[in-house]
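Report on the following structure.
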Amino acid sequence: MPFNRRHVLIGGSLALAASLTPARAQARPVLKVGMLRIANAMFVGIDQKLFEKEGVDVEIVFFRSGAELIPSLSRGQIDVAATSGGAALYNTLAAGINSRIVGDYFSLVPGTRSHGVLVRNDLYGSKVKTPADLKGLTFAITAQGQYTHYLGVQTLAKGGLAESDVRLVQMPYQDMAAALTGGAIDACSSVEPYMSLTKARGSAEVLTYDSDTTPNLQAAVLMFGDRLNTTDRALGQAFMRGYRNSVAFMHDATKDESKRKLVAASFQKQLPLDDASLYERTGWPMAKLDCTVNRASLETQLDWYAARGLVRQKPDLAAYVDNRFVEALR
């Protein structure tokens, strides 16, 4: 049992033997991973002890917004950041930080059904059948310069529409369902499990899936701070092995019902839903099996944000994307 200074034995008894205390030197290093509250492969890796097998303990730190993640990574408050490739990330890179993009967090893997556009139930199939029918409607995204902004506009473009053809509003994912139910918005760019929750309430239906609109888009990335990039790259490599194995477990689970239940249970532990079985029926945000970063996709998105004045100075992504950690796993 661990030694505790409050454990005092009365009457001259001896203190607890030091030999009963686990050796600190043998403890696994703890890596703090910052992320938003979205189900992902790291939940599975923790639950299945895939990081532990690589000699690493992972501690999840939830953040309210992606804008808070990178500064915390730069200050060493977290070791890994899981974040979308939005304007906030590019502006931070342009300012110069000692962090690197090292792996795929979410990609729009063809066939996955984790992200999409929802349309209010009373409009779907009657007034709105295709993206072209969104003209003049109120469309919600999480924030300008974020993933939902980019994908929402790409969906509009599939229908021959521009951003100016809809009334764009901003709100968190969790508020979109209520806004659809109350008629405050007509459509939104959403993600699981919010998509399935909204459908289950009878508030909306899925108009399009983002993996069909922009297949293989690099939607979000993993970033290492200075500790893993410079001070202890071997530790960074151990984390990446555990992460890649977690992603592989999720890919296997799409074809294996018993593993699918385990993945759903891992998600439920971290982000509990009233209906614990919902995670078994939803699409999952997925990384590519090889976990490499698609730099060309990030460059395309960077150009899009810069053209709209959301990125003030374009960073050199070649200096920040480092696939060596995942390439070493081949």
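Annotations for the structure displayed:
- Cα-based Rg / Dmax (Å) for region 92-172: 15.7, 52
- Electrostatic bookkeeping for A200 treats Lys and Arg as +1 and Asp and Glu as -1; over the other residues with beta carbon under 14 Å from its beta carbon, the sum is -2.
- C-alpha center-to-center spacing [region 29-68, region 208-223] in angstrom: 21
- Distance histogram in 10 Å bins (all Cα pairs of region 238-330, percent per bin): 14, 31, 26, 24, 5
- When a 1.4 Å probe is rolled over the protein heavy atoms, the share of accessible surface on region 119-205 that falls to carbon and sulfur comes to 46 percent.
- Note, ³J(HN,Hα) from phi for region 157-171, Karplus 6.51, -1.76, 1.60, rounded to Hz, x at Gly and Pro: 4, 4, x, x, 10, 9, 4, 6, 7, 10, 9, 8, 10, 10, 6
- Angle in degrees between helix 295-307 and the longest Cα principal axis of the chain, rounded to the nearest 10: 60
- Sorted largest first, extent of the chain alpha carbons per principal axis (Å): 83, 45, 37
- For the chain, DSSP calls about 60 percent of its internal beta bridges antiparallel.
- Between 0 and 90°, nearest 10: helix 233-253 axis offset from the chain longest Cα axis: 50
- Fraction of alpha-carbon pairs over 16 Å apart in region 96-140 - percent: 59
- Check: the chain dipole with +1 on Lys, Arg Cβ and -1 on Asp, Glu Cβ, in debye: 580
- Straight Cα distances below 27 angstrom link K53 to the lysines K32, K255, K259, K261, K269, K288, with same-chain residues fewer than 8 positions distant left out.
- Within a Gaussian network of the chain (alpha carbon springs, distance under 10 Å), most fluctuating of S196, S126, S99: S126
- Each residue of region 188-202 is assigned a 3J(HN,Hα), and the resulting list reads 7, 9, 10, 9, 6, x, 4, 4, 5, 4, 5, 4, 5, 7, x Hz, derived from the Karplus form 6.51 cos²θ - 1.76 cosθ + 1.60 (θ = phi - 60°), x at Gly and Pro.
- Restricting region 157-242 to trypsin sites (Lys or Arg not before Pro) in coil, as DSSP defines it, with at most 16 other Cβ within 10 Å: R201
- Close amide H partners of L137, meaning residues 5 or more places away or on another chain with modelled amide H under 5 Å apart, are R167.
- Nonpolar atom fraction for region 55-96, defined as the carbon and sulfur part of the 1.4 Å probe accessible area, stands at 48 percent.
- Summed over the residues of the chain and divided among them, the accessible surface reaches 46 Å² per residue at a probe radius of 1.4 Å.
The values are calculated or read from the model by the stated rules, or taken from the named source; none is laboratory data. None of the values given here were measured: they were computed from a predicted structure. Positions of Cβ are generated from backbone atoms using ideal geometry, with glycine treated the same way; all protein chains shown enter the neighbour counts. Note: areas computed on protein heavy atoms with side chains; ligands, DNA, RNA excluded. Shrake-Rupley method; radii C 1.70, N 1.55, O 1.52, S 1.80 Å.
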